[in-house]
Amino acid sequence: EVQLVQSGVEMKKPGESLRISCRGSGYSFSGQWIGWVRQMPGKGLELMGIIYPGDSDARYNPSFRGQVTFSVDKAINSAFLQWSSLKSSDTAMYFCARQGLSWDDAFDVWGQGTMVIVSS
Amino acid sequence: SSEVTQDPAVSVALGQTVRITCQGGRLRTSFPNWYRQKPGQAPVLLISGENHRPSGIPGRFSGSRSRNTALLTITGVRADDEADYYCHFRDNDNSHLGVFGSGTRVAVL
């Protein structure tokens, strides 16, 4: 079964750092882009960017460039989303999703989401 | 705010047909993907590209396009179709980036 499994709920204070994970299984992890999607409370989906596990090529949508960092560890089939200094406005659900192989770049498999709560 | 806009909410009677619209400049060059997100769950891909349904998605869901408007049509609406629906476009520059629409909440009466 193809699946993405994300790390659990995180509660952090402003200014702290954080790395959340997304582990793929059931397919060749290195060969398909992984996207990160933010959903703030009560709001819609926002594509933060994508990373290609095969060569760690990371691409960010403009609103998120410089705010977060994507990385991968191919040895453990995992992608990571990292903050160096969290803000309360980072409070959101974060999904990872696999991008399919067809031209439309659809996200065909999704993780269950990681809730990040940033509060003093 | 998203450059791809959707009606915020639409309601439909059980068993009827609902059409969810998606508008934006990207429609000039591509077909959107469509996702459903039920409360407390991750999104699920319903339609990709030019009306392709992944395995397990019933034929009640279909996608189409007319000029600057893309449509997700759901026929024979069921109670469990009550959810948020998002369109999603890939960028045209082969970057694999893209944008989600603002989302439409469907209420089943």
Could you check, for the stretch A:28-50, whether at least one of its residues is at pLDDT 95 or above, away from every other protein chain (no Cβ under 12 Å) and surrounded by 15 or more Cβ atoms within 10 Å (Cβ to Cβ)? yes
Checked the stretch A:60-88 for anything without any contact (Cβ under 8 Å) to a residue 12 or more places away in the chain and open to solvent by less than 70 Å² (accessible area, probe 1.4 Å); matches are A:ASP73
Quick one: B:THR104 ticks every box in (1) among the polar types (S, T, N, Q); (2) within 10 Å of chain A (Cβ to nearest Cβ); (3) over 14 Å from A:ASP104 (Cβ atoms); (4) surrounded by fewer than 20 Cβ atoms within 10 Å (Cβ to Cβ) except a single one, so which number is it? (4)
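Scan B:ASP80, B:ASP7, B:ASP93 and give me the residue that is part of a helix (DSSP H, G or I) and open to solvent by 30 Å² or more (accessible area, probe 1.4 Å).
After ruling out the rest, the residue left standing is B:ASP80.
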The condition of being in contact (Cβ under 8 Å) with a residue 40 or more places away in the chain and over 19 Å from B:ALA9 (Cα atoms) holds, among B:VAL106, B:VAL77, B:VAL99, only for B:VAL99
Return a yes/no flag: does the stretch B:61-69 have any residue that is within 14 Å of chain A (Cβ to nearest Cβ) and under 23 Å from A:ILE50 (Cα atoms). no
Which condition from (1) free of Cβ contacts under 8 Å to residues at least 24 places away in the same chain; (2) open to solvent by 10 Å² or more (accessible area, probe 1.4 Å); (3) farther than 16 Å from A:GLY49 by Cβ is the one that A:MET115 breaks? (1)
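The values are calculated or read from the model by the stated rules, or taken from the named source; none is laboratory data. Computed from a predicted structure; not experimentally measured. With ideal geometry, Cβ positions are generated from the backbone for all residues, glycine too; neighbour counts draw on all protein chains shown. For the accessible areas, the whole protein counts, side chains as well, though only heavy atoms, and no ligand, DNA or RNA atoms are used. Shrake-Rupley method; radii C 1.70, N 1.55, O 1.52, S 1.80 Å.
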